[in-house]
Amino acid sequence: MLTVIKGGRVIDPGKLDGIMDIFIADGKIVEIKTDGLADGEHPESKTIDASGKIVIPGLIDMHVHLREPGYEYKETIETGCRSAVFGGFTAVCCMPNTNPVNDCKAVTEYILTKAREAGTARVYPVAAISKGSQGEDLCEYGELKAAGAVAVSDDGNPVMNSQMMRRALEQAKKCRLPVISHCEDLDLAGDGVMNEGAVATAMGLAGIPNASESIMVLRDIALSELTGASVHIAHVSTMESVRAIRDAKARDVPVTAETAPHYFTLTDASVKGYNTNMKMNPPLRSSHDREAVRQGLADGTIDVIATDHAPHSSIEKSVEFHQAPNGIIGLETAFSLGLNLVDEGILTLASLIEKMSTNPARILGLENGLIVGQPADITIIDPERSYRVNADRFKSLSRNTPFDGWDLKGKTVLTMVGGKIVYQEQ
């Protein structure tokens, strides 16, 4: 059966922007045109009215924690994918810090099997850089890529040994696997639990200095220059990191970077009240850092907006601040928070889509775009729909969001993967 998405504003950055109809058959886009079909030409077609909506390439989140295997009480692949499509994501890249760690073919294949069973979002496993993410022995990158891994990362653990990181970059380059780097100097971070500064001092909490991130960003840029291998910097949060990445790009160093919505929306002032849903790693930084992140998004220094979706149970978060685990969930609020940047003139709508769809696909080498012959991975969003965030209604198993009760704008009304509707607002 032919499916027609009719009358929406179709936006594919650098390719399309206008009121168009998209025709889908056998899971693929077969035609895109502005004048639509003549009445009765395809009487058996299914029509989706997208009037007043934006129709965009499916969002891709290149940094999520699906927790399975090992921590299914926080999230499963099924619930994480359900959360993703609710938020407009047609694909997610899951980090390897599971139990066991995704450092071998068997775990990668397990994740892909569970994703097929879920039958909603596409799941692209990110395998570990080192065995057990311990930073001591490299994984078998060729085997992991053959099993389905799209990148390698020890996310959650920095690769502290610079020689090990050099070897990882060299080996990953041979296998054409991107390296996603968690930049943190553990010695500088110490026992810190929030951003180092006046707020931490007033609250009596140990602080984490900006340098704990930026020093490792500078190191990985130097190693990228040394090896010629590309490196992707995860969850950028500091002014110094943005400056280092901007300078590296000016020298044509093959570095890319991402940030998360909480780093361009919140600051360490939000931690007042000891709300553990404001605790993450890297921590929420100062207003100066937030402004630098926004400018980095505006000028292209930061290529990607990713959620770093990190589910935790309410029991784990309902403890004293210094004992609570790091991380928040973000799949169901990310695009709306990104639209705030559009409203504020920091990004255009096309550049937001680029950072949440086009660029992640480019960095990871994935198919993407509203192109004839491509899989119909499509998101339809009502950009003017206002709603109040209600964590109790989330599709994720966890509720650890700092945005519960916020009034946001921009609601996903339909998500399609391979021509199949996997979420539609009722």
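The values are calculated or read from the model by the stated rules, or taken from the named source; none is laboratory data. Owing to the predicted nature of the structure, the values given are computational and were not obtained by experimental measurement. Cβ coordinates were reconstructed from backbone atoms using ideal geometry, including for glycine residues, and neighbour counts include every protein chain displayed.
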*State the number of residues belonging to the stretch 174-184 that are charged (D, E, K, R) and surrounded by fewer than 19 Cβ atoms within 10 Å (Cβ to Cβ).*
2
*When you scan the stretch 163-221, how many residues do you find that are without any contact (Cβ under 8 Å) to a residue 12 or more places away in the chain and not in a helix (DSSP H, G or I)?*
1
*Scan (1) part of a helix (DSSP H, G or I); (2) touching a Ser or Thr at 6+ places or on another chain (Cβ under 8 Å); (3) within 22 Å of M62 (Cβ to Cβ); (4) not hydrophobic (A, V, I, L, M, F, W, C) for the single condition E240 breaks and write down its number.*
(3)
*Does at least one position in the stretch 35-50 carry a residue that is more than 30 Å from E143 (Cβ to Cβ) and either buried (at least 21 other Cβ atoms within 10 Å of the Cβ) or in the same structural domain as P158 (by TED's automatic domain parsing) (or both)?*
yes
*Among (1) of a type in the set (S, T, Y); (2) more than 30 Å from E72 (Cβ to Cβ); (3) more than 16 Å from the chain's Cα centre (by Cα) - the single one T256 does not satisfy*: (3)
*Across the stretch 99-125, what is the total count of residues that are without any contact (Cβ under 8 Å) to a residue 60 or more places away in the chain and not in a loop (DSSP other than H, G, I, E, B)?*
16
*So, of the residues in the stretch 349-380 that are of a type in the set (D, E, K, R) and closer than 21 Å to T120 by Cα, which turns out to be modelled with the highest pLDDT?*
D377
*asked:* D308 - would you say it is in the same structural domain as M95 (by TED's automatic domain parsing), on the phi > 0 side of the Ramachandran plot and either surrounded by fewer than 23 Cβ atoms within 10 Å (Cβ to Cβ) or at pLDDT 95 or above (or both)?
replied: yes
*Output yes when any residue across the stretch 45-52 is modelled with pLDDT under 95, small (G, A, S) and within 28 Å of Q374 (Cβ to Cβ), and no when none is.*
yes
*Among the residues of the stretch 75-95, is there at least one that is touching a residue at least 40 places away in the same chain (Cβ under 8 Å), more than 30 Å from P383 (Cα to Cα) and among the aromatic types (F, W, Y)?*
no
*Could you list all residues from the stretch 320-375 that are without any contact (Cβ under 8 Å) to a residue 12 or more places away in the chain and among the hydroxyl-bearing types (S, T, Y)?*
T348
*Listed residues G207, G197; which is modelled with pLDDT of 95 or more, in contact with a strand residue (DSSP E or B) (Cβ under 8 Å, 6 or more places away or on another chain), more than 21 Å from R294 (Cβ to Cβ) and buried (at least 17 other Cβ atoms within 10 Å of the Cβ)?*
G207
_Among the residues listed as E140, E117, E136, the single one being modelled with pLDDT of 95 or more, under 30 Å from Q424 (Cα atoms) and not aliphatic (A, V, I, L, M)_ = E117
*With respect to N326, is the statement that it is surrounded by fewer than 22 Cβ atoms within 10 Å (Cβ to Cβ) and either of a type in the set (D, E, K, R) or in a loop (DSSP other than H, G, I, E, B) (or both) true?*
yes
*Just checking, how many residues over the stretch 388-426 are touching a residue at least 60 places away in the same chain (Cβ under 8 Å), among the small types (G, A, S) and closer than 14 Å to S83 by Cα?*
2
*Determine if the stretch 241-253 includes at least one residue that is at positive phi, free of Cβ contacts under 8 Å to residues at least 60 places away in the same chain and either in the same structural domain as H322 (by TED's automatic domain parsing) or crowded, with 24+ Cβ neighbours inside 10 Å (or both).*
yes
*Could you please find all residues in the stretch 283-323 being part of a loop (DSSP other than H, G, I, E, B), touching an Asp or Glu at 6+ places or on another chain (Cβ under 8 Å) and not acidic (D, E)?*
P283, L284, R285, S286, I302, A306, T307, P311
*Of L347, L337, which residue is of a type outside the set (S, T, N, Q), in a helix (DSSP H, G or I) and touching a helix residue (DSSP H, G or I) at 6+ places or on another chain (Cβ under 6 Å)?*
L337
